[in-house]
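These notes concern the structure reproduced below.
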Amino acid sequence: MTRVISLLLVTSLAFSQKIVKCPLDQLQVTIKPNKSKKTLIYDYSNCLLNGSKSTSIEFTVQNKSSSSLIVDANYKGKDKKGNAARYIIEGNSTRQCYVLLTRKQTDTDFRGISYFSDLRGFPGGYLKHWKATDLSKIRAVILDFLSTDSSAVNALVSIPKLTGDYVFNKNELNGKQGPLIDELGQHINTNWENKLSNKAVLKTNGIADQKAYSKVKFSKAFSEYGGFKNEKPFEGTGYFRTLKYNGKWWLVDPKGYLFWSYGVTGAGVGNFTSHKNRTFLYNNINAIKSQYKNDTSNALNRKHAVNYYNINLNRKYGDNWMQIHENLTQGRLKSWGINTMGAWSKVITNSTHPFTLIIHPRTAWIGKLDKLPDPFSNAFLEDLNIRLQLISEYNKSPYLLGVFINNEIHWSKKIGHELLALDQDIPCKKALHNFLKIKYKTIELLNSSWGTSATNFNDLVFENRVYPNAKQFEEDMQSFFEFYVETYFATVSKAFDVFFPNHLYLGCRFHGAAKQNKVLHDIASKYTDVISFNIYEYGVKDFNFKPKVDKPMLIGEFHFGTTTNGVWGGGLKHAYSLENQANLLEQYLGEAVQHPSIVGAHWFQWTDQPSTGRLNDGENFRIGFVSVTDIPYQDLVTVSKAFAKNMFKMRF
């Protein structure tokens, strides 16, 4: 039986259609013109899907109209949603769509291979994620359909089904089947296009790259800084600045041309991977270690780790690999239309490519809250000044777009609560006591408001975290949180202006719940030149950003990762294939460049992370613009070139 459903959408209202019959056949989907979405919920409560032996959920969408269609997919277990996927279905085309299944790590799976416990993915389809639900009891599959323009869209959608055989092969991970990684840092047991068969190919590629990228400049449509030359220039100050023009925020390059920052983080940089307690997994690792035992750069070889990407660059370009690579990276970026080197990039003092810098002043645990600064501490201010001083040589560079200070601070309005649970004095806690003294003057007035019986302000300690059940107490904690945030941004901004009076302070890269915390946005807008966010979502078209002081925003990180090409961890947002990854990049950039407040977006990151995990935290995401052997992913390059050609037209 084929069921026909008409999906009528009304602006700002998304209908939900629940399909409850088991099993199902096909649905005819019609989306009428509007800017909202239609949701289909396939309810399997009476016939639970068991995905424990599968790697993904599959469905087919036939777009029967001329306009493109966005399909967002998810699944749900008993307690929460699982992984997500997005597909852009071109008009009059059919697409197989897949949602990768994520899993919880279990001791049984990992018994005997604890040295891999931090990896995000493994061969055979094991994809770990904090949003994982019980795959043996999938209760629903949710599909959202969004029209990309004002045209009606008609699509034929198949019923979702489980697919892919999940395998967790311990023998591949414990060395019983031989080495896992070859001399080039590639997964031995997987084949893919452009996988290198031997080291000699690297030299050939190196010669070709030097010929192609050593003297590249921005195209004639752009200024030497990547600004848009077809538009009449504004005042040039010799440095990057911000400007609101025709209702949209822009960056302005040193010559006065409008600029929108399309960047990639860690440009030119590769990651180390650890071989501690697992050298048997790496082919000829002892010979590699021996060859680079006298490495003084600390970029190739460390005590228990190697950097295969940098080692391959050494093989590719020879002893002068670092300088050659730095030059060619700038040429590649210009050729690919990427006008900014994002955070953690390999930056040289005389760079001729726009770049950003990032520093990480000290953060620490405060009670049960981690990664928080103490802006009332002299130690924080000293560390901040030292780190600014270390990069101050870049102050005179016109190519410096701006500086990020800190990354993904774990902001929490509960900081006052945690301070009051501490039995030791720290500057932040003393600041809270002084804050309360200024408000209440006497401890008696505070006790009256909180319903407490403290003898003095220093006696305010709630070690078991049983806090006063008073509205005024919570209001005071919120007020202190705002004071704490204000002190942080005021302190950082003042120090930044001393060392970088001509450059942009780019904020601290809000993430998670902080992305929607208007209190943070309002305070940051008073002190930063640009407010930065790390936004790992499939789109940003509807991102709500209205700070108290009108300021632009910049996306410091985003990506879509695959589990292909011998790297198994996917990413913070998943793509099923290289093609899907490129389509998602194109869609995301298109939404970002049309958002009136967004002045740039930076992809995370330049290289794929190592198959066996990044040193210290084990991330092994296939998210790079280039592979471990420095081979570009052409689908991403093609999208980037097209975007660079059209971005200013799209912005206007």
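Restricting the calculation to Cα atoms, region 63-151 yields a radius of gyration followed by a Dmax of 17.0, 56 Å.
Using the alpha carbons alone, the radius of gyration of region 197-261 stands to its Kirkwood radius in an Rg to Rh ratio of 1.28.
Rounded to the nearest 20 debye, what is the charge dipole size of region 457-581 about its Cα centre when +1 sits on each Lys and Arg Cβ and -1 on each Asp and Glu Cβ?
Computed about the Cα centre, the dipole is about 300 debye.
Taken over region 222-319, the convex hull of the Cα atoms encloses 172 Å³ per residue.
Where does each of 464-470, 361-367 land if you order them by average Cβ count within 10 Å, highest first?
On the way: 464-470: 12.1, 361-367: 17.1.
For the peptides 464-470, 361-367, the packing ranking is 361-367, 464-470.
In plain terms, the bigger the Kirkwood radius, the slower the diffusion; for the chain, with that radius from Cα pairs, at 4 °C and 1.567 mPa s, Stokes-Einstein puts D at 48 µm²/s. Checked against a 30 Å cut-off, the cross-linked pairs LYS38/LYS551; LYS195/LYS276; LYS248/LYS396 give Cα-Cα distances beyond that limit for LYS38/LYS551.
Working note: Karplus 6.51/-1.76/1.60 with θ = phi - 60° gives region 225-237 the couplings 9, x, x, 7, 7, 6, 9, 4, x, 8, 5, x, 9 Hz, where Gly and Pro are set to x.
Given Cβ point charges of +1 (Lys, Arg) and -1 (Asp, Glu) and nothing else, what value in debye, to the nearest 20, does the dipole of region 78-165 about its Cα centre take? Walk me through the numbers on the way to the answer.
Numbers: 14 positive and 9 negative charges, 64 e Å.
Dipole about the Cα centre, nearest 20: 300 debye.
For the chain, the 222 nm mean residue ellipticity estimated from helices alone, with every DSSP H stretch of n ≥ 4 adding -39500 (n - 2.57) and the total spread over all residues, rounds to -8000 deg cm²/dmol.
Across region 390-468, the mean sequence separation of Cα contacts (distance under 8 Å, 6 or more residues apart), normalised by length, yields a relative contact order of 31 percent.
Directionally averaged projected area (region 478-546, Cα convex hull): 5.2 nm². For the chain, the relative contact order is 14 percent, taking Cα pairs closer than 8 Å that sit 6 or more residues apart in sequence and dividing their mean separation by the residue count.
Can you tell which of GLY164, GLY507, GLY51 lies farthest toward the positive end of the dipole of the chain, using +1 and -1 charges on the Cβ of basic and acidic side chains (Lys, Arg; Asp, Glu)? So the residue furthest toward the plus end is GLY164.
In region 96-195, a dipole from Cβ-located charges (positive for Lys and Arg, negative for Asp and Glu) runs towards its positive end, and of CYS97, SER117, ASN191 it is SER117 whose Cα lies farthest in that direction.
Using the Cβ of VAL567 as centre and a radius below 12 Å, the other residues enclosed give a net charge of +2, where K and R count +1 and D and E count -1.
State whether region 506-652 is rounded, prolate or oblate according to the following rule on the C-alpha gyration tensor (a ≥ b ≥ c being the square roots of its eigenvalues): a/c under 1.5 gives rounded; otherwise a/b larger than b/c gives prolate, and the remaining case gives oblate.
Working: a/c = 2.43, a/b = 1.50, b/c = 1.62.
Oblate.
Within region 226-270, the ratio Rg/Rh, alpha carbon atoms throughout and Rh by Kirkwood, equals 1.08. Relative to the Cα centre, the charge distribution of the chain, modelled as +1 at Lys and Arg Cβ and -1 at Asp and Glu Cβ, gives a dipole magnitude of about 1060 debye.
Sorted by mean Cβ packing within 10 Å, highest first, what order do the peptides 398-406, 298-306 take?
Values: 398-406: 24.0, 298-306: 16.9.
The peptides rank, most packed first, as 398-406, 298-306.
For region 191-286, chymotrypsin sites (Phe, Trp or Tyr not before Pro) are listed when DSSP marks them as loop and at most 14 other Cβ atoms sit within 10 Å of their Cβ; the list is TRP192. Pairs of Cα atoms nearer than 8 Å and 6+ residues apart set the relative contact order; for region 455-610 it is 18 percent. Over region 247-352, what percent of the accessible surface lies on carbon and sulfur atoms, probe 1.4 Å? It is 45 percent, rounded to a whole number.
Net charge within 13 Å of HIS325 by Cβ-Cβ distance, Lys/Arg positive one each and Asp/Glu negative one each, not counting HIS325 itself? Net charge in that neighbourhood comes out at 0.
Ignoring solvent entirely, what values of log10 I(q)/I(0) come out of the Debye formula for region 259-397 at 0.16, 0.17, 0.18, 0.21 Å⁻¹ when each Cα is a single scatterer? After summing over all Cα pairs, the log10 values are -1.03, -1.08, -1.11, -1.18. Taking a sphere under 12 Å around the Cβ of ASN406 and counting the other residues whose Cβ falls inside, with K and R at +1 and D and E at -1, yields a net charge of +2. Gyration tensor over the Cα atoms of region 269-344: the corresponding equivalent ellipsoid has semi-axes (square roots of 5 times the eigenvalues, largest first) of 27, 14, 10 Å. Here is the list for region 86-129: trypsin sites (Lys or Arg not before Pro) lying in DSSP coil, each with at most 14 other C-beta atoms within 10 angstrom of its C-beta, are LYS104, ARG111. Taking the Cα centre of the chain as the origin and placing charges on Cβ (Lys, Arg +1; Asp, Glu -1), which of LEU281, ILE88, SER65 is farthest toward the positive end of the dipole? Final value for the positive-end residue is SER65.
Stokes-Einstein D for region 572-620 at 25 °C, 0.890 mPa s, Kirkwood Rh over Cα pairs, in µm²/s?
Details: Rh = 12.9 Å.
For the chosen part, D equals 191 µm²/s.
Classify region 418-499: rounded, prolate or oblate, from the alpha-carbon gyration tensor (a ≥ b ≥ c, eigenvalue square roots; a/c under 1.5 rounded; otherwise prolate if a/b is larger than b/c)? Walk me through the intermediate numbers first.
Numbers: a/c = 2.26, a/b = 1.99, b/c = 1.13.
Cα axes put region 418-499 in the prolate bin.
Note on region 131-252: along the principal axes its Cα atoms extend 65, 52, 28 Å, ordered by decreasing extent.
The values are calculated or read from the model by the stated rules, or taken from the named source; none is laboratory data. Everything numeric here is computed off the predicted structure, so don't read it as measured data. Neighbour counts are summed over all protein chains in view; Cβ atoms, including those assigned to glycine, are modelled from backbone coordinates with ideal geometry. Just so you know, the surface numbers come from the protein's heavy atoms only, side chains and all, with ligands and any DNA or RNA stripped out. Shrake-Rupley method; radii C 1.70, N 1.55, O 1.52, S 1.80 Å.
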